[in-house]
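Here, each number is a calculation from the coordinates, and none is a lab measurement. No experiment lies behind these values; they were computed from the predicted model shown. Every residue, glycine as well, gets a Cβ built from its backbone with ideal geometry; the counts of neighbours run over all protein chains shown.
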Amino acid sequence: MNTSTVDRVEGTRDLPPQTWAAQRAVCSLMLDAIAGFGYQGVGVPLIEAVDLYERRAGARVVSQLLEFPNRGGQILCLRPELTASVARAWAADRRRQCPARLMYSGSAFRRGEGGGGDIEQFTEVGAELIGIGGPAGDAEVIALAYAALSQAQLWERRIVLGHLGLLSDVLAQLGLSPRARSILLEGLADLRAPGGGIESVREDALRKYRAAAPQDLGWGPGLDRDRLDALVASIAGGGEDPIGARSRDQIVDRLAAKFERGDETERLNQAFDLLSELATCSGPADSALASTGMVLAQRGIDAGPLAEIDRLVKLLRASGEDIDGLEFDPALGRGLQYYTGLVFDVYCRSADQWLAVGGGGRYDDLLSAISPQAPTPAVGLSFRIENLLEAGGERLAGSGQRSPADVLVLADGDVGAALALARSLRRAWLRTRLGDSDQPVEPQIDRARREGLAAAVQVGPRDADEVVLHDIAGGTQRRVPPADVAALVRELMAEDK
């Protein structure tokens, strides 16, 4: 006898029947709401090439990938989210339509921060609107988020808007390089996290910046370009062949720009001082937009992208959408770096706290980064089903729960007749479970009672013209013709309701 056990992989999840039914029911609620906006379902692989995420997802997500090589040496991974996969699938579809409204659901996997720690498995359901730019597309996705939450009867909710285009413009006006801006924006995802805060984010960003700073090589402004070209040539083994996706000249240009810019620590600290002030502006959308505009105006910074958020809020009001709990946070960041404009987080009340249940944003550059086509506007959102279930409590956890069958068919010595009756009941759209002919009848009826079945039918050899129908809830039984069983079971089911 084998005495060893094969355990599930730590961090992955087994779903017992009750949890599976609840997740399936909540997924259906969300997808029904999304379909109401004219979205069509798509499916994408669980496995993707790592390159899909290295191009735009950002260092944080790439460090969390569950990677493995295939036999050809290509590095693959379990998908860490579904938006990039849906975008890739749409770009590869020769029959694609634009605009496209696509919805999906499925599991995703990530490692802990920095690529260590436990595996995390979670279930996403979401939607992507491809081909419609600006506030009109953004408004549709925010309205969709409200509709989905209402479908699940989650009325205590907040949707917090941000705008990475605004933040990127502000940081550029402060003189930060693209690399420094990327490090800072990536860190903003932790600003509102437990244990976060502006000083924690500042410290982490400065550490990452110094680790990658060109000054570590002892070079700075005034660098001799010929020396840099010779260094790149020696690393590449000489010649003019491209190194990865870039030519040697392109790599030299990028490195020269980094060295010429010099140390940006002071500018980074100035940026964090401004972000600290902007973070205090967060609140209800109208007042937060006004206070953010005042802070930027006092600093002499153009706040053009604020107009997009203001237009979005006005469009939602004009549509009649009940935008309860709509807020604006000018310092809102996201862990995924392919977002270019609007970003948002969705929260629902869970006990005495606000629980993050979803989010999304605009990613107008992603499609051109993963396929050879012109930039295409796109915006989307996703929900985590596990978090929705937690926010919905027992009401949502019990959704989708019903008995595993409607009727139990027991063979009292005539298995063939029992099989035939079970088949006829299934053809009548009754969920029918066949009993164990080697076990006593009463324990099987007791189990059916605990599980909520409406009826049990005993099929015996004594009288082919009649069977014994058990009303499980009522505790009675009677002999009936086999042809009447389906209708009688439906009557019992109606009584149970």
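Of note:
- Dipole axis of the chain (+1 Lys, Arg; -1 Asp, Glu on Cβ), positive-most option in ALA136, ALA22, CYS98: CYS98
- Rounded to 10°, Cα long-axis angle of helix 83-92 versus longest principal axis of the chain: 90
- Dividing the alpha-carbon radius of gyration of the stretch 1-117 by the rule-of-thumb value 2.2 N^0.38 Å gives 1.30.
- Cα-based helix-to-principal-axis angle, 306-318 vs the chain, degrees rounded to 10: 30
- For q = 0.17, 0.20, 0.23, 0.25 Å⁻¹, Debye-computed log10 I/I(0) when each Cα of the stretch 407-496 counts as one equal scatterer: -0.61, -0.87, -1.20, -1.45
- Cβ charges +1 (Lys, Arg) and -1 (Asp, Glu), total dipole of the chain, debye: 820
- Helix axis angle, 178-187 relative to the chain longest principal axis, alpha carbon, degrees: 40
- From the coordinates shown, P(r) over Cα pairs in 10 Å bins from 0, in percent corresponds to which of [x] 4, 19, 29, 27, 16, 5, 1, 0; [y] 3, 15, 21, 21, 15, 11, 6, 4, 2, 0, 0; [z] 4, 17, 26, 25, 18, 9, 2, 0: [y]
- Between the C-alpha center of the stretch 472-497 and that of the stretch 67-124 there is a gap of 49 Å.
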